[in-house]
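Below is one structure, written out as structure tokens; the observations come after it.
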Amino acid sequence: MTVDGLAANMKLIDSSCIRTLAHTRKLALRRGVWFRTLNRVERALADLTLQCVDNIRSGKLAKLLTAIMDKLQSAMESTVDRLVRTIGVSLAKKISSTALSWGNISARSWASDLSFAAFLSLSRMHSLAVS
């Protein structure tokens, strides 16, 4: 890694990362996923980092903390959000490409419209529940 690349990475790993970790920890505790999702070592690593570190200078520590935060974020994600991300977005892309092939130019924006993806995923969820 070059010196410029290292400097760019160091700018990303500053006190805002620590604040994000603290906020994620608080939400995870409130929602009851902190102890259920993380093992003892992961909880200890996050807690010690919050208590002892102002800026993260280790790339390994940053990777570990990022993995912990991703794990917590996915555990706190609602069912609807998960459906929109997994099913709704892919359905919106398929419908958008089909409409584009039929000549509907305005359908290009449908693929990136999260409201449309939410509508599709909720419609899909409802049709599965009714069937």
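The values are calculated or read from the model by the stated rules, or taken from the named source; none is laboratory data. From a predicted model like this one, the values you see are computed outputs, not experimental measurements. As a convention, Cβ positions derive from the backbone with ideal geometry for all residues, glycine included, and neighbour counts pool all protein chains shown.
Has the range 53-64 got any residue that is in a helix (DSSP H, G or I), exposed (fewer than 13 other Cβ atoms within 10 Å of the Cβ) and either modelled with pLDDT of 90 or more or in contact with a His (Cβ under 7 Å, 6 or more places away or on another chain) (or both)?
Yes, that holds for at least one residue.
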- With respect to LEU29, determine if the residue is exposed (fewer than 13 other Cβ atoms within 10 Å of the Cβ) and either of a type in the set (A, V, I, L, M, F, W, C) or assigned by TED's automatic domain parsing to the domain that holds ALA118 (or both). yes
Expected single match for of a type outside the set (A, V, I, L, M, F, W, C), loosely packed, with under 13 Cβ neighbours inside 10 Å, part of a helix (DSSP H, G or I) and free of Cβ contacts under 8 Å to residues at least 40 places away in the same chain among SER109, SER96, SER90 is SER109
LEU83 meets each of (1) surrounded by 13 or more Cβ atoms within 10 Å (Cβ to Cβ); (2) within 30 Å of THR20 (Cα to Cα); (3) at pLDDT below 90; (4) out of contact with any Lys or Arg (no Cβ under 9 Å at 6 or more places or on another chain) with one exception, condition (4)
Selection over the range 70-87 where residues are of a type outside the set (Asp, Glu) and not in a helix (DSSP H, G or I) yields a count of 1
Flag if LEU29 is of a type in the set (A, V, I, L, M), assigned to a helix (DSSP H, G or I), in contact (Cβ under 8 Å) with a residue 24 or more places away in the chain and under 30 Å from ALA118 (Cα atoms):
no
All-but-one check, SER121 against (1) surrounded by 14 or more Cβ atoms within 10 Å (Cβ to Cβ); (2) assigned by TED's automatic domain parsing to the domain that holds LEU21; (3) over 17 Å from the mean Cα position of the chain (by Cα), failing number (2)
